[in-house]
Amino acid sequence: LCVPELPEVETVRRTLTPALVGRRIARAVLHRADFCQTSGGKPCRPRELLQGMRVAALERHGKQLALIAAEGPVLVAQLGMTGQLTVTAAGAGITPSDHIHAQWLLDSGSLLRFRDPRRFGGLSALPSVDSLRERWAAMGPDGLRVTGAELADRAGRSRRSIKVVLLDQEVVAGVGNIYADEALFLARINPLRAAATLRPAEWELLADAIHRTLTAAVAAGGSTLRDYMDALGMPGRAQAHHAVYGRGGEPCLACGRGLKGVRLGGRATVYCPGCQPRRRLRLVKEA
Ligand SMILES: [Zn+2]
């Protein structure tokens, strides 16, 4: 299953922006009470779902998407594994088997719908943009903007493997299993190396590789997302662009050696032993 990662969520943000920003929410309906959380733990009322408010902006950090109301309140959507936010023409009825847990009728007449069959996603209602900034500051910098210095600062003393470190949302937000493997391949860094062994230049290479990997995936994201939404369970077209992810045992696209599959932190990890060698200690003595 193609689980939404940062590029897919960014694609959703870009797709929804023209339909949502500037629109007033005429009516908001929650079909499952447990699908929306407030900071106080109380049930989400229509007000928390931004009913009667105007959408001022749609922002993303990592895999979280925030609808910011001009009146102040914020609604954060997490797509989880199977979450989909779509805008459709109003009028189409829904049944429980559609797994639509919340919907918003816009003043344009369109409907925004949050569908999530497996319900690992959900909504969080926040009282203000300040509380959104606070929530996002507790996470690592966003994958599209993180710098090498920020990565080194947050993980440079870690004895964990660099692959496991990249999946830590407090180090960098939005890098999942696919793009961690792809970025490490691009930066020619072995995923099994302890993060503490990376040199400053390698952190810079890695940050650059993360940006390039995610940016390319955002560019391909439209098609991936369409596949994902049209045919749930079918691999997205971006699969064809993966250099290492899901290709264990197959030849490396750069050097032809067999790609190696290992498990790290419980996650399938693929790398090229030729392009991503374990760094050897320099023990050579000058003659
Ligand atoms: Zn290779």
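Okay, residues lined up against (1) on the phi > 0 side of the Ramachandran plot; (2) part of a strand (DSSP E or B); (3) surrounded by fewer than 20 Cβ atoms within 10 Å (Cβ to Cβ):
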| position | (1), (2), (3) |
| --- | --- |
| ARG27 | no, yes, yes |
| GLN51 | no, no, yes |
| ALA77 | no, yes, no |
| PHE114 | no, yes, no |
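Scanning segment 116-160 for residues that are more than 16 Å from ALA57 (Cα to Cα), touching a Pro at 6+ places or on another chain (Cβ under 8 Å) and in a loop (DSSP other than H, G, I, E, B) gives a single hit, THR147. In the condition set (1) modelled with pLDDT of 95 or more; (2) among the small types (Gly, Ala, Ser); (3) within 16 Å of the chain's Cα centre (by Cα), SER124 is compliant with all but (3). Screening VAL55, VAL29 for residues that are out of contact with any helix residue (DSSP H, G or I) (no Cβ under 7 Å at 6 or more places or on another chain) and of a type in the set (Val, Ile, Thr) leaves exactly one candidate, VAL29.
Taking the options VAL21, VAL9, VAL55, name whichever one is buried (at least 19 other Cβ atoms within 10 Å of the Cβ) and over 22 Å from ARG145 (Cα atoms).
Details: VAL21 fails: buried (at least 19 other Cβ atoms within 10 Å of the Cβ); VAL9 fails: over 22 Å from ARG145 (Cα atoms).
VAL55 is the lone residue from the list that is buried (at least 19 other Cβ atoms within 10 Å of the Cβ) and over 22 Å from ARG145 (Cα atoms).
Every residue, every condition in (1) without any contact (Cβ under 8 Å) to a residue 60 or more places away in the chain; (2) of a type in the set (A, V, I, L, M), yes or no:
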{"residue": "SER124", "(1), (2)": "no, no"}
{"residue": "SER128", "(1), (2)": "yes, no"}
{"residue": "ALA137", "(1), (2)": "yes, yes"}
{"residue": "GLY148", "(1), (2)": "no, no"}
{"residue": "ALA152", "(1), (2)": "yes, yes"}
{"residue": "ALA155", "(1), (2)": "yes, yes"}
{"residue": "LYS163", "(1), (2)": "no, no"}
{"residue": "ASP168", "(1), (2)": "yes, no"}
{"residue": "VAL171", "(1), (2)": "yes, yes"}
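Residue count for segment 92-117 under the criterion of being in contact (Cβ under 8 Å) with a residue 12 or more places away in the chain, more than 14 Å from PHE35 (Cβ to Cβ) and out of contact with any strand residue (DSSP E or B) (no Cβ under 7 Å at 6 or more places or on another chain): the result is 3. Screening ALA209 against (1) over 26 Å from VAL9 (Cα atoms); (2) within 16 Å of the ligand (Cβ to nearest atom); (3) at pLDDT 90 or above; (4) in contact with a Leu (Cβ under 8 Å, 6 or more places away or on another chain) leaves a single unmet condition, (1). From the residues in segment 244-274 that are part of a loop (DSSP other than H, G, I, E, B) and within 16 Å of GLY176 (Cβ to Cβ), which one is modelled with the highest pLDDT? Applying the filter and picking the extreme gives VAL244.
The values are calculated or read from the model by the stated rules, or taken from the named source; none is laboratory data. Small disclaimer: the values here were computed from a predicted structure and weren't measured. FYI the Cβ positions are ideal-geometry reconstructions off the backbone, even for glycines, and counts take in every protein chain you see.
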